[in-house]
Amino acid sequence: MKRSNKPIFWSLFGAGGMLSALIGPMLIFITGIAVPTGLMSRETMGYERMLALARNGFGKLAIFTLITLFLFHGLHRMYHSLHDLGVHVGPGLKGAFHGFAALGGLAAALLLILGF
């Protein structure tokens, strides 16, 4: 039997989906509703606090994990949605979708490491 790389991509898809379901709504609520409407203090999302989070090792890991897994989940879902719509895509487009997610994760890692 030929080895398959599908478990790797499905596990990234599943992990991203779990984070999207558990953490995504709270991120949307805090950044899009609670802080702008005044339900939470503006200092909650203040520049100094977010900079401190991005400079902390655990914060860097959390930001990297969220960005990378959200990208893998979203792009894997888009790839399979094209198939459901009748657009039969080949391995080149599959590589482009997964490659874009990997490049996005790499860009997030580089920006977090370099301190931007």
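Have a look at ALA108, ALA62, ALA96 and point out the one that is in contact (Cβ under 8 Å) with a residue 24 or more places away in the chain and under 20 Å from GLY16 (Cβ atoms).
The match here is ALA108.
Can you find, within the stretch 30-61, the residue that is nearest to the chain's Cα centre (by Cα) among those that are open to solvent by 80 Å² or more (accessible area, probe 1.4 Å) and hydroxyl-bearing (Ser, Thr, Tyr)?
TYR47
Output yes when any residue across the stretch 79-92 is open to solvent by 70 Å² or more (accessible area, probe 1.4 Å), part of a helix (DSSP H, G or I) and either under 14 Å from GLY14 (Cα atoms) or in contact (Cβ under 8 Å) with a residue 12 or more places away in the chain (or both), and no when none is.
no
Pairs under 7 Å by beta carbon, first residue free of Cβ contacts under 8 Å to residues at least 12 places away in the same chain in the stretch 28-52, partner open to solvent by less than 80 Å² (accessible area, probe 1.4 Å) and of a type in the set (S, T, N, Q), six or more apart or different chains?
VAL35/THR44
Say we look at the stretch 4-29 and pick out the residues that are open to solvent by 70 Å² or more (accessible area, probe 1.4 Å) and outside any helix (DSSP H, G or I); which of these is nearest to GLY115 (Cα to Cα)?
Restricting to residues being open to solvent by 70 Å² or more (accessible area, probe 1.4 Å) and outside any helix (DSSP H, G or I), the top hit is ASN5.
Do you know which residues across the stretch 95-116 are open to solvent by 50 Å² or more (accessible area, probe 1.4 Å) and not small (Gly, Ala, Ser)?
Answer for the stretch 95-116, where residues must be open to solvent by 50 Å² or more (accessible area, probe 1.4 Å) and not small (Gly, Ala, Ser): PHE100, LEU103, LEU106, LEU110, LEU111, ILE113, LEU114, PHE116.
Kindly evaluate PHE64 against the criterion of being surrounded by 12 or more Cβ atoms within 10 Å (Cβ to Cβ) and at pLDDT 95 or above.
Yes, satisfied.
The values are calculated or read from the model by the stated rules, or taken from the named source; none is laboratory data. Worth saying up front: this structure is predicted, and the values here are computed from it rather than measured. Positions of Cβ are backbone-derived with ideal geometry, glycine not excepted, and every protein chain shown enters the neighbour counts. These accessible areas exclude ligands, DNA and RNA; they are computed on the full protein's heavy atoms, side chains included. Shrake-Rupley method; radii C 1.70, N 1.55, O 1.52, S 1.80 Å.
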